[in-house]
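K.L.:
Take this structure first; my questions come after.
The values are calculated or read from the model by the stated rules, or taken from the named source; none is laboratory data. These numbers were taken from a predicted model, which means no experiment stands behind them. Note: ideal-geometry Cβ built from the backbone for every residue, glycine included; neighbour counts use all protein chains shown. Heavy atoms of the whole protein, side chains included, go into the accessibility calculation; ligands, DNA and RNA do not. Shrake-Rupley method; radii C 1.70, N 1.55, O 1.52, S 1.80 Å.
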Amino acid sequence: MGFWIFMLVCDLLIPLVMICIGTRFVKNPPFRINSVYGYRTARSMRSQAAWDFAHRYCGKLWRTMGWVMLPLSVLAMLLALGQDIDFTSFLGGAVAVIQCVIMFVPTLVLTERALKQQFDSNGR
């Protein structure tokens, strides 16, 4: 039971981080374009307006996806309740991999598509 709780907590970290960072990006995004912190792609860094738009858009996506993934992760891990350590670790790892794919692939595709529709190649 202790290992199951550990895996559950590990699998809840990604959705919780997405909710927290998403909320931060929406309410208080990085003020200036920088190469250290924020949604940093070539398209988002072309202008301050593109930078601000990308953070609001990506923040809303992450916050929404985090809230959707949170209960789904709990439900997935309930399948491992009472199972052996091998099954629990396999399922917990699979959930984490799926969460990472959901965190990066749709976010990049959808945010970059929105930036492309909203701004020209110079970020205007």
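K.L.:
Taking only protein heavy atoms and a 1.4 Å probe, what accessible area per residue, in Å², does segment 1-98 have with all protein chains in place?
P.N.:
Details: 5660 Å² over 98 residues.
Roughly 58 Å² per residue, with all protein chains present.
K.L.:
Taking every Cα atom in the chain, find the radius of gyration and the maximum pairwise distance Dmax, and write them in Å.
P.N.:
Cα-based Rg and Dmax for the chain come out at 17.2, 56 Å.
K.L.:
Roughly what would the spin-label model give for Val36 and Ile85, points 7 Å off Cα along C-beta, in nm?
P.N.:
4.1 nm
K.L.:
Per-residue HN-Hα couplings for segment 44-52, Karplus 6.51 cos²θ - 1.76 cosθ + 1.60 at θ = phi - 60°, whole Hz, x for Gly and Pro?
P.N.:
Per residue, the Karplus-derived 3J(HN,Hα) values read 6, 9, 6, 7, 5, 5, 5, 4, 5 Hz.
K.L.:
Which value, in debye to the nearest 20, gives the size of the charge dipole of the chain about its Cα centre, when Lys and Arg are +1 and Asp and Glu are -1 at the Cβ?
P.N.:
Values: 12 positive and 6 negative charges, 182 e Å.
Computed charge dipole of the chain: roughly 880 debye.
K.L.:
Heavy atoms only, 1.4 Å probe, whole protein assembly: order Trp67, Trp51 by accessible area, highest first. Let's see the in-between values first.
P.N.:
Working: Trp67 145, Trp51 0 Å².
Most to least solvent-accessible, the answer reads Trp67, Trp51.
K.L.:
If you don't mind, there's one more thing I want to ask. Ignoring ligands, DNA and RNA, please state the percent of accessible area on the chain from carbon and sulfur, probe 1.4 Å. Don't skip to the answer; put the middle values down first.
P.N.:
Values: 5080 of 7360 Å².
Roughly 69 percent of what the probe reaches on the chain is carbon or sulfur.
K.L.:
Given the DSSP H assignment, sum -39500 (n - 2.57) over each helix run of at least 4 residues in the chain and divide by its residue total; what's the result at 222 nm in deg cm²/dmol, nearest 500? Walk me through the intermediate numbers first.
P.N.:
Numbers: 3 runs with 91 residues, N = 124.
Here the helix-only value at 222 nm equals -26500 deg cm²/dmol.
K.L.:
Consider a paramagnetic label point 7 Å from the Cα of Ala96 along Cα→Cβ; state which residues of segment 1-36 have an amide N under 11 Å from it.
P.N.:
7-14, by backbone N distance to the label point.
K.L.:
With labels modelled as points extended 7 Å from the Cα through the Cβ direction, what inter-label distance (nm, one decimal) is found for Cys20 paired with Arg124?
P.N.:
4.1 nm
K.L.:
Which one of Ser89, Trp51, Trp67 has its Cα pushed farthest toward the positive end of the charge dipole of the chain, where Lys and Arg give +1 and Asp and Glu give -1 at the Cβ?
P.N.:
Selected residue: Trp51.
K.L.:
Quick check: the distance between the Cα centres of segment 1-58 and segment 101-121, to the nearest angstrom?
P.N.:
What the calculation gives is 14 Å, centre to centre.
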